[in-house]
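The values are calculated or read from the model by the stated rules, or taken from the named source; none is laboratory data. None of these values were measured; they are calculated from a predicted model. Quick reminder, even Gly has a Cβ in these numbers, built from the backbone with ideal geometry, and neighbours come from all protein chains shown.
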Amino acid sequence: MRFRPSFQIKLFIYLVVLFVTLFSIVGVYYYRDIERQLYEDMGLRAKVQAEEIALIPSLITAVENKDVSAINRLMMNISAHSDASYMVIGDGKAIHLFHSIYADRVGKALVGDDNVDVLAGKSSTTVRLGGIGLSLRSKAPILNAQGDVIGIVSVGYLTSHINTLTIEKAIRILVAAATLLLALFTFSWFFSRSIKRQMFSLEPREIGLLVRQQKALMESIYEGVIAIDGESRIAVINQAAKKLLNLDAPSRELRGKPLEQVIAPVSFFDRQVMLEKDIHDEICLFNNLTVVASRVRIMLEDQLQGWVITFRDCSDIDRLSIQLSQVQRYADNLRVMRHEQLNWTATLAGLLHMGRYDEAIRYIEAQSESAQELLDFVSARFCSPRVCGLLLGKYARAREKGVELAFDPACGLTHLPLTLSETELMSVIGNLLDNAIEATLLRGENAGPVEVYIVSTDTELVIEVADQGVGIAPERREQIFSLGVTSKREGDHGLGLHLVASYVSHAGGIIEVSDNSPTGSVFSVFIPNGLPIAIPDCVPVTIQPEQREEHK
């Protein structure tokens, strides 16, 4: 298994390599710079000494007279007080008159091939290989009273001596640099440990994976999610929140913006309220959209970091409540049919126990004929088994409450529009029938039947439900489809007609409400067919008369 160093180790190694590289480059530069400066300083020092010595009167006299002993006494005293590596005096023919190191060189020619310019009356500073080695030396001419060159003064510093001085300076700098480098290594180690702790001991690749997972998770949440910092600036916002708030700007442009620039200020975002407590499932108004919102504080080490706000369209929750109400109503219909069937069975069982077989047969025929006629009509005219079950259940429930449900002979449903599902159609029909039955019950015993007309043509689906109940005032007809608007005092009301309006509007249809004669209301629904949807196994079931006799 290949070893993979941790982030802390890699960061420390990177910092160490960086610092060593930088110090190496800087060290080489400064070494060269110190060496250059030393050569310049030593060359200038040698030149000054040579020119000053060349101006000594006693030396000029001694050189002019070639008094070697006088030159030796004078120069030995001067060289003893100088830091130069050597001092040399030559005559006008470049012959040694004095050498501070090798006395036996007196009388021999000067070496180095750099005497021509000096004998011409010019001072020079050069690096030459002389009698004692490679050196930096400066030569100055000795002039007599007439201005003629009578000798040469040479002051030199061995390059080995200059290099030693350079190394000594470099070592001092190197010691300081090593101390600083050690401090930087220590800093790098603790810095990398601090970074690792701040990353919860996670590796960068693990953090990257978590960020991608968090982004995918945020975008998969159906609810709108907004995270804000302690200054109420947006830190995170998901696509669902942008869709609900009708925001077109990219998420990166929204980050850092004050929340009030995205959502109009409401009491839900009051700073004092947000600091006091968290809130769950509160109904608010976000940019004219009614939402159910929650707000939770983000705490890190007992420090407030911000808040997470989640919200969803209130109508979604209302729609779920409506659909749950519909399921409850379907269950009630089944309960009514079961109750009616139990009563029918109990009556038949009583007649059989008493031995009144003829009356039992007549009772079966009467009940079967009525039920079979309705069953034959519904199953022959409506090819959706679910719609058939709904209509039969509504019929039984209406009869239990004393309301007659009458189907128009022209009813017929052979297919559904493209924009309306079978479940949505059942919801529309069921809610219209429930509304008509309730309106009829409010009228009392004198109310007439609830009439139902459902037909699908090549161009549209038409649904009409007419009742002879209390009716609807013209000024209220636009309001009855709003969520929560109802004339009932109790029960799960105010949802059905709103759901009907939502489904019909989504399907591209219209709803008309008119007065019935002599009293009551007529709800007419028109939905364009578009491309019809065939219902699977949609084959009308018709029971033949002979089969009906067999059932009897």
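Got a number for residues in the stretch 389-410 being assigned to a loop (DSSP other than H, G, I, E, B) and either crowded, with 19+ Cβ neighbours inside 10 Å or not hydrophobic (A, V, I, L, M, F, W, C) (or both)? Counting residues in the stretch 389-410 that are assigned to a loop (DSSP other than H, G, I, E, B) and either crowded, with 19+ Cβ neighbours inside 10 Å or not hydrophobic (A, V, I, L, M, F, W, C) (or both) gives 6. Output yes when any residue across the stretch 216-230 is crowded, with 16+ Cβ neighbours inside 10 Å, assigned to a helix (DSSP H, G or I) and assigned by TED's automatic domain parsing to the domain that holds I298, and no when none is. No - not one qualifying residue is present in the stretch 216-230.
Out of all the residues in the stretch 200-208, is one or more under 30 Å from Q303 (Cβ atoms) and under 15 Å from the mean Cα position of the chain (by Cα)? Yes, the stretch 200-208 has at least one match. Just one of the listed residues (D316, D332) is closer than 30 Å to N287 by Cβ and modelled with pLDDT under 75, and it is D316. Assess whether E168 counts as being surrounded by 12 or more Cβ atoms within 10 Å (Cβ to Cβ) and among the acidic types (D, E). Judged against the criteria, E168 is not a match. Condition (residue is touching a Pro at 6+ places or on another chain (Cβ under 7 Å) and closer than 16 Å to V465 by Cβ) applied to the stretch 419-430: is it met by at least one residue? Taking every residue of the stretch 419-430 in turn, none turns out to be touching a Pro at 6+ places or on another chain (Cβ under 7 Å) and closer than 16 Å to V465 by Cβ. Taking the listed residues G350, G448, G355, the one that is of a type outside the set (D, E, K, R), more than 60 Å from the chain's Cα centre (by Cα) and on the phi > 0 side of the Ramachandran plot is G355, with no other qualifying. Per the listing A396, A439, the residue uniquely within 21 Å of A466 (Cα to Cα) and out of contact with any Gly (no Cβ under 9 Å at 6 or more places or on another chain) is A396. Assess whether N516 counts as being within 23 Å of V462 (Cβ to Cβ) and modelled with pLDDT of 85 or more. The answer is yes for N516.
Name the pairs whose Cβ atoms lie under 7 Å apart, with the first residue in the stretch 275-290 and among the polar types (S, T, N, Q), the second in a strand (DSSP E or B) and modelled with pLDDT under 80, and 6 or more positions between them or separate chains? Sorted first by the residue in the stretch 275-290, then by its partner, the pairs are T290/I283.
In the stretch 459-466 there is at least one residue that is in contact (Cβ under 8 Å) with a residue 24 or more places away in the chain, assigned to a strand (DSSP E or B) and over 20 Å from K394 (Cα atoms). Residues in the stretch 362-385 that are over 17 Å from L405 (Cα atoms), assigned to a helix (DSSP H, G or I) and modelled with pLDDT of 75 or more: A380, P385.
Taking the listed residues I527, I543, the one that is modelled with pLDDT under 75 and of a type in the set (V, I, T) is I543, with no other qualifying.
The residues of the stretch 401-424 that are more than 15 Å from P449 (Cβ to Cβ) and out of contact with any Phe, Trp or Tyr (no Cβ under 8 Å at 6 or more places or on another chain), listed by number, are T414, H415, L416, P417, L418, T419, S421, E422, T423. Screening the stretch 96-143 for strands (runs of 3 or more DSSP E) wholly inside it with 1 or more residues that are at pLDDT 85 or above and over 19 Å from S85 (Cβ atoms) returns the ranges 133-143.
Listed here are the residues, each with its yes/no results for (1) of a type in the set (K, R); (2) buried (at least 19 other Cβ atoms within 10 Å of the Cβ); (3) modelled with pLDDT of 85 or more; (4) in the same structural domain as L432 (by TED's automatic domain parsing).
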site: A249; (1), (2), (3), (4): no, no, yes, no
site: R255; (1), (2), (3), (4): yes, no, yes, no
site: A293; (1), (2), (3), (4): no, yes, yes, no
site: R297; (1), (2), (3), (4): yes, no, yes, no
site: G306; (1), (2), (3), (4): no, yes, yes, no
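Looking at the stretch 84-94, is at least one residue touching a residue at least 40 places away in the same chain (Cβ under 8 Å), assigned to a helix (DSSP H, G or I) and hydrophobic (A, V, I, L, M, F, W, C)? No, every residue in the stretch 84-94 fails to be touching a residue at least 40 places away in the same chain (Cβ under 8 Å), assigned to a helix (DSSP H, G or I) and hydrophobic (A, V, I, L, M, F, W, C).
The condition (being in contact with a Ser or Thr (Cβ under 7 Å, 6 or more places away or on another chain) and either part of a loop (DSSP other than H, G, I, E, B) or acidic (D, E) (or both)) is satisfied by just one residue among E51, E64: E51.
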